[in-house]
Amino acid sequence: METHISCLFPEILAIIFSYLDVKDKGRVAQVCSSWRDASYHKSVWRGVEAKLHLRRANPSLFPSLQTRGIKKVQILSLRRSLSYVIQGMPHIESLNLCGCFNLTDNGLGHAFVQDILSLQVLTLSLCKQITDSSLGRIAQHLKNLEVLELGGCSNITNTGLLLVAWGLHRLKSLNLRSCRHVTDVGIGHLSGMTRSTAEGCLTLEKLTLQDCQRLTDLSLKHISKGLNKLKVLNLSFCGGVSDAGMIHLSHMTHLCSLNLRSCDNISDTGIMHLAMGSLRLYGLDVSFCDKIGDQSMAYIAQGLYQLKSLSLCSCHISDDGINRMVRQMHELKTLNIGQCVRITDKGLELIADHLSQLTGIDLYGCTKITKRGLERITQLPCLKVLNLGLWQMTEMFSPCDNVRVFV
């Protein structure tokens, strides 16, 4: 008896269709009525984010999305009112408006006029017209929000963070990248330092403060006191934080990832403070901190030996620093030492001898290494990624077949 795919039960077809990419999911719906019915099963579209250009009215758009069970939407261009989206998808869970430059406080205010308890993720990155007024609406009507992306919203101030701290008590992730009006006062609001006015966002697990240039060590004191559940903290390009601030962070027992890239006032002393505390960091980035040297490598080996990822690009480390570090770093999987121009083949040999779990290494701009050192590195049993950008050699180097090389 001959078996054909058309004989399969709709439930089986739905399982097969769930493995297709979004475009192919749409194509199979056009084959025949039975495939269309199977492709509309909600399990086929579970987790899919619809990417929409809202240029003109389409009465069938939102009913179609709801039939498929789609609850995540990214708006690629917004020519219609945002309220059109909210009304069309009353059970929306994720709304991405990144780069919708024409979105204003007025437009967002007309959309959020009542509680939307299903919405958990809201992305407003690069919506440059958004101000504290919109954060007031969000805090009032999106009580179950867990992720709020405000990167590049340069008009946000401490007042907006006070409103967030007042209304969004379930927030787990907050991105304030390049919100340059934010100061220590705003971080104090988030951390619950003004309990009489706002409880704070005490459930935060991820906080991005990249390029918030007005922050100082006082912000780190607030964070260490109030945000006890924080796991990921990004302070890159925050030039106002210093070694003294690391004392506050050193006792945050849940913190597992810390980004201090281009924090110009962080030195070996700051790394010492981190290493002497009770941290169990798995990821640390101190790239372009030009006061970081070989002594930091000794501190890392003594107190931060559980690291799985370490970025030291353009730091003043040498083979001696590598020697101080590698014997204790048994868990390290990713090592970025690009533009560390003092590293030679001796340093690579030490890495090859001791960091057996390494899966990726960045040697971009390490001009003193040669073919001999690279041959040792490619013998690492777990190595998958090797970055050699700006590396110059008279003879072309051919690595092992299982290593991806970027030149």
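Which condition number does C238 fail, the rest of (1) at pLDDT 95 or above; (2) surrounded by fewer than 18 Cβ atoms within 10 Å (Cβ to Cβ) being met?
(2)
S318 fails exactly one of the following numbered conditions: (1) among the hydroxyl-bearing types (S, T, Y); (2) within 24 Å of Q302 (Cα to Cα); (3) modelled with pLDDT under 95. What is the number of that condition?
(3)
So which of S250, S278, S314 ends up being among the polar types (S, T, N, Q) and surrounded by fewer than 18 Cβ atoms within 10 Å (Cβ to Cβ)? It would help to see each step written out before you state the result.
Working: S250 fails: surrounded by fewer than 18 Cβ atoms within 10 Å (Cβ to Cβ); S314 fails: surrounded by fewer than 18 Cβ atoms within 10 Å (Cβ to Cβ).
From the options S250, S278, S314, the qualifying one is S278.
Quick test of your reading of the structure: L148 fulfils all but one of (1) in contact with a Ser or Thr (Cβ under 6 Å, 6 or more places away or on another chain); (2) within 22 Å of E49 (Cβ to Cβ). Name the failing condition by number.
In the conditions (1) in contact with a Ser or Thr (Cβ under 6 Å, 6 or more places away or on another chain); (2) within 22 Å of E49 (Cβ to Cβ), L148 misses (1) alone.
Within segment 134-150, work out how many residues are open to solvent by less than 40 Å² (accessible area, probe 1.4 Å) and in a helix (DSSP H, G or I).
6
Within segment 207-235, take every residue that is closer than 13 Å to C263 by Cα and of a type in the set (S, T, N, Q) and give me the one that is surrounded by the most Cβ atoms within 10 Å (Cβ to Cβ).
N234
If you check R137, R68, which single one turns out to be touching a Gly at 6+ places or on another chain (Cβ under 9 Å) and of a type outside the set (S, T, N, Q)?
Within the list R137, R68, the selection yields R137.
Taking only segment 110-121 into account, find how many residues are more than 19 Å from R46 (Cα to Cα) and either crowded, with 17+ Cβ neighbours inside 10 Å or in contact (Cβ under 8 Å) with a residue 60 or more places away in the chain (or both).
Let us first name the residues in segment 110-121 that are more than 19 Å from R46 (Cα to Cα), namely 110-117.
Then keep just the ones that are either crowded, with 17+ Cβ neighbours inside 10 Å or in contact (Cβ under 8 Å) with a residue 60 or more places away in the chain (or both); that gives 111-112, 116.
The total comes to 3.
Among (1) open to solvent by 40 Å² or more (accessible area, probe 1.4 Å); (2) without any contact (Cβ under 8 Å) to a residue 40 or more places away in the chain, where does A198 come up short?
Unmet for A198, out of (1) open to solvent by 40 Å² or more (accessible area, probe 1.4 Å); (2) without any contact (Cβ under 8 Å) to a residue 40 or more places away in the chain: (1).
Residue-wise test of (1) open to solvent by 20 Å² or more (accessible area, probe 1.4 Å); (2) more than 25 Å from N96 (Cβ to Cβ).
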| position | (1), (2) |
| --- | --- |
| K128 | yes, no |
| L161 | no, no |
| W166 | yes, no |
| L174 | no, no |
| H181 | yes, no |
| M193 | yes, yes |
| E205 | yes, no |
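Hey, can you tell me all the residues within segment 258-303 that are of a type in the set (G, A, S) and touching an Asp or Glu at 6+ places or on another chain (Cβ under 8 Å)?
Result: S267, G270, G293, S296.
Is it fair to say S236 is under 23 Å from S296 (Cα atoms), under 17 Å from the mean Cα position of the chain (by Cα) and touching a residue at least 24 places away in the same chain (Cβ under 8 Å)?
Values: under 23 Å from S296 (Cα atoms): yes; under 17 Å from the mean Cα position of the chain (by Cα): yes; touching a residue at least 24 places away in the same chain (Cβ under 8 Å): yes.
Spelling it out, S236 is indeed under 23 Å from S296 (Cα atoms), under 17 Å from the mean Cα position of the chain (by Cα) and touching a residue at least 24 places away in the same chain (Cβ under 8 Å).
Considering every residue within segment 67-83, establish whether at least one is β-branched (V, I, T), under 23 Å from T197 (Cα atoms) and out of contact with any strand residue (DSSP E or B) (no Cβ under 8 Å at 6 or more places or on another chain).
No, because not a single residue in segment 67-83 is β-branched (V, I, T), under 23 Å from T197 (Cα atoms) and out of contact with any strand residue (DSSP E or B) (no Cβ under 8 Å at 6 or more places or on another chain).
The values are calculated or read from the model by the stated rules, or taken from the named source; none is laboratory data. A quick note: this is a predicted structure, and the numbers were derived from the prediction, not measured. A quick note on method: Cβ atoms are made from the backbone with ideal geometry, for glycine too, and the neighbour counts reach across all protein chains shown. Note: areas computed on protein heavy atoms with side chains; ligands, DNA, RNA excluded. Shrake-Rupley method; radii C 1.70, N 1.55, O 1.52, S 1.80 Å.
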